[in-house]
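Working notes for the structure below.
What follows is calculated from the coordinates using simple rules that are stated; it is not laboratory data. No experiment lies behind these values; they were computed from the predicted model shown. Here Cβ is always computed from backbone atoms with ideal geometry, including for glycine, and neighbour counts include all displayed protein chains.
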Amino acid sequence: DAKTTQPNSMESNEEEPVHLPCNHSTISGTDYIHWYRQLPSQGPEYVIHGLTSNVNNRMASLAIAEDRKSSTLILHRATLRDAAVYYCILGRTGNQFYFGTGTSLTVIP
Amino acid sequence: DGGITQSPKYLFRKEGQNVTLSCEQNLNHDAMYWYRQDPGQGLRLIYYSQIVNDFQKGDIAEGYSVSREKKESFPLTVTSAQKNPTAFYLCARSIPGILSEKLFFGSGTQLSVL
């Protein structure tokens with residue numbers, strides 16, 4: 001399995017940056033790193049993805065370690081709407097995407 | 001809805017009964033997936049299909065069956081052999097062979113046993 005390891009939960013104060021870590025030591029050269037987030041009773045929504053270089057979009061930034069065995073999702077200013085479970089997953093050959101248990105982010109007003 | 005529709009939103013199954021969850025997509029994507037999510041847990045892959053008339057088992061396929069007779073439809077049947085079917089079921093789509101492609105999820109079906 002393309003396993004990832006994330007902390008079960010994290011907290012952040014509103015309007016402060018949040019760094020969500022992910023370890024993926026078994027990543028292969030062709031695996032993309034994807035991040036999704038899920039609100040209660042909803043399907044996950046795409047946040048960001050990358051292969052080797054750091055990536056930015058309007059939602060977040062993705063910092064990928066040089067050896068690609070870990071990555072960090074960065075929310076630049078947490079809002080209450082960012083409270084969700086964040087999943088770091090690897091996209092692997094055959095279009096198999098394996099989800100772990102994710103990190104539950106609590107944003108404190 | 002990300003171009004993917006699941007129905008019904010809530011479904012109840014009687015013991016020994018088979019039930020079918022619907023998943024339809026309207027964006028002509030080939031790859032479709034079914035995931036199961038238990039409370040407080042991550043998503044586990046049940047089945048996936050990259051082309052019509054072909055599908056592969058995921059990690060927890062036992063007690064489930066699928067069909068892919070049309071590109072736009074990928075129904076999941078929870079059979080009576082699935083002894084613990086209560087869960088949140090999610091269907092997703094993507095473009096096969098392109099790992100940089102996003103997954104788009106439906107809004108899910110909550111299945112409960114009566």
Which whole-number percent is the relative contact order of the range B:3-83 (Cα, under 8 Å, 6+ apart)? 30 percent
Evaluated over chain B, the Cα radius of gyration and Dmax, each in Å: 13.2, 41
Looking only at Cα atoms, what is the convex hull volume of the range A:1-41 per residue, in Å³? 123 Å³
Rounded to 5, the percent of DSSP beta bridges in chain A classed as antiparallel: 85 percent
Here P(r) for the protein assembly as shown, Cα-Cα distances in 10 Å bins, as whole percents, is 8, 34, 35, 19, 4, 0
Trypsin sites (Lys or Arg not before Pro), restricted to the range A:15-109: which are DSSP loop and have at most 15 other Cβ atoms within 10 Å? A:R58, A:K69, A:R77
What are the equivalent ellipsoid semi-axes of chain A, built from the alpha-carbon gyration tensor (square roots of five times its eigenvalues), in whole angstrom, biggest first? 23, 15, 12
Counting other beta carbons within 10 Å of each residue's own, what order do A:S53, B:S22 fall into, fewest first? A:S53, B:S22
If you find the alpha carbon centre of the range A:1-68 and of the range B:49-73, how far apart are they in angstrom? 28 Å
With a cut-off of 13 Å, note down the residues of the range B:13-49 whose backbone N falls inside the zone around a label point 7 Å from the Cα of B:S80 toward its beta carbon. B:14-19
Where does the Debye-calculated log10 I(q)/I(0) of the range A:55-103 sit at q = 0.21, 0.25, 0.32 Å⁻¹, using only Cα point scatterers of equal weight, no solvent? -0.94, -1.15, -1.22
In a shell of Cβ-Cβ distance under 10 Å around A:S25, excluding A:S25 itself, what net charge do Lys and Arg (+1) and Asp and Glu (-1) give? +2
